[in-house]
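The values are calculated or read from the model by the stated rules, or taken from the named source; none is laboratory data. Quick caveat: nothing in here was measured; it's all calculated off a predicted structure. Using ideal geometry, Cβ is built from the backbone for each residue, glycine included, and neighbour counts are taken over all protein chains shown.
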Amino acid sequence: MKKQRTLLKLLSVLFLLVFISGVSVFGQKSPKDKFVFSPLNPIKMPQIETVTLKNGMKLFLVEDHEYPTIDMRAMVRIGSVFETPSKIGLASITGQVLRTGGTVSMTGDEIDKELETLAATVETGIGQTSGFITVSVLKEDINRALEILADILINPAFREDKINLVKIRQKSAISRRNDDIGGITRREFRKLIYGKDSPYARHPEYLTIDAVTKADIEQFYKKYFYPNNT
């Protein structure tokens, strides 16, 4: 009897849930019902000025006077897809040490301190299919920020201590990457789609990180960082 009563209660609850869901579905508007929407706000496209420099670099300028700052972003045609299989991680290391490694005349720490006094930022990095350079600075300090940026791009030092620091961080990331189930899924999915040996499916390992040298970084930088590739 107890089993029958329990079964009867479960059936009653199930029937009630089905009934409620059916009522909610019937209460929804059908495709034939017309919805009334407010008119959309007009899209105001900013005026973009395009300038091509003598060295081949193309600039896109957009004025925005809401804040007294100047923000710049440059894209470089470079990426981890151009790495050799034995040195996977080279692009990422190059992108980070380009900024943190400082220049011939200033260390990365000295650059950090000066940018801090200017309330400015200069960042670099390299992803899978492109590299980036960003600058954000108050407009009255733009000339000095550009001088620092030019020094970073033209005279990078790639100091060994900063290279080693980035390598340690890369290895730490490798040691933790299986903690994220989403990361595992994405890596395995790319292998299925592109093939395990595809540049789009590769990922760094301890061995490939250790194989990257300062000479590799300098060569990679010289090959892709030039004006009309930016």
Take the conditions out of contact with any helix residue (DSSP H, G or I) (no Cβ under 9 Å at 6 or more places or on another chain), closer than 28 Å to ARG73 by Cβ, modelled with pLDDT under 95 and not in a loop (DSSP other than H, G, I, E, B) and apply them to ARG176. Does it pass? no
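Please state which one of ARG159, ARG144 is within 20 Å of GLY89 (Cα to Cα) and among the charged types (D, E, K, R).
Step by step, each of ARG159, ARG144 is checked, and only ARG159 is within 20 Å of GLY89 (Cα to Cα) and among the charged types (D, E, K, R).
State all residues of segment 175-215 that are among the hydroxyl-bearing types (Ser, Thr, Tyr) and out of contact with any Gly (no Cβ under 7 Å at 6 or more places or on another chain); if no residue qualifies, say none.
SER175, THR185, TYR194, SER198, TYR200, TYR206, THR213
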Could you tell me which residue of segment 109-140 is nearest to ALA201 (Cα to Cα), considering only residues that are crowded, with 20+ Cβ neighbours inside 10 Å and small (Gly, Ala, Ser)? GLY131
Which number in (1) under 13 Å from GLY131 (Cβ atoms); (2) in a strand (DSSP E or B) marks the one condition that LEU98 misses? (2)
When ASP210 is run through (1) more than 25 Å from ILE133 (Cα to Cα); (2) without any contact (Cβ under 8 Å) to a residue 40 or more places away in the chain, the failure sits at (2)
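Quick grid of which residues meet (1) surrounded by 14 or more Cβ atoms within 10 Å (Cβ to Cβ); (2) under 16 Å from SER80 (Cα atoms); (3) in contact with a strand residue (DSSP E or B) (Cβ under 7 Å, 6 or more places away or on another chain):
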| site | (1), (2), (3) |
| --- | --- |
| LYS171 | yes, no, no |
| SER175 | no, no, no |
| ASP180 | no, no, no |
| THR185 | no, no, no |
| GLU188 | no, no, no |
| LEU192 | no, no, no |
| PRO199 | yes, yes, no |
May I ask you to list the residues in segment 216-230 that are touching a Gly at 6+ places or on another chain (Cβ under 9 Å) and either without any contact (Cβ under 8 Å) to a residue 12 or more places away in the chain or of a type outside the set (Ser, Thr, Tyr) (or both)? ILE217, PHE225, TYR226, PRO227, ASN228, ASN229
Considering segment 157-175 alone, what residues qualify as being within 20 Å of the chain's Cα centre (by Cα) and of a type in the set (Lys, Arg)? LYS167, ARG169, LYS171
Complete set of residues in segment 149-188 that are within 15 Å of VAL97 (Cα to Cα) and of a type in the set (Val, Ile, Thr): ILE152, ILE154, ILE163, VAL166, ILE168
Considering segment 116-139, residues that are free of Cβ contacts under 8 Å to residues at least 24 places away in the same chain and not small (Gly, Ala, Ser), and then whichever is nearest to ASP64 (Cα to Cα), we arrive at THR121
Name the pairs whose Cβ atoms lie under 8 Å apart, with the first residue in segment 94-110 and touching a residue at least 60 places away in the same chain (Cβ under 8 Å), the second basic (Lys, Arg) and not in a helix (DSSP H, G or I), and 6 or more positions between them or separate chains? VAL97/ARG159; GLY101/ARG159; GLY102/ARG159
Only one of THR117, THR94, THR69, THR107 is under 25 Å from ASN229 (Cα atoms) and among the hydroxyl-bearing types (Ser, Thr, Tyr). Can you tell me which? THR94
Scanning segment 44-58 residue by residue, those part of a loop (DSSP other than H, G, I, E, B), closer than 30 Å to VAL76 by Cβ and free of Cβ contacts under 8 Å to residues at least 12 places away in the same chain turn out to be MET45, LYS54
If I go through segment 74-89 residue by residue, how many of them are surrounded by 15 or more Cβ atoms within 10 Å (Cβ to Cβ) and in contact (Cβ under 8 Å) with a residue 60 or more places away in the chain? 9
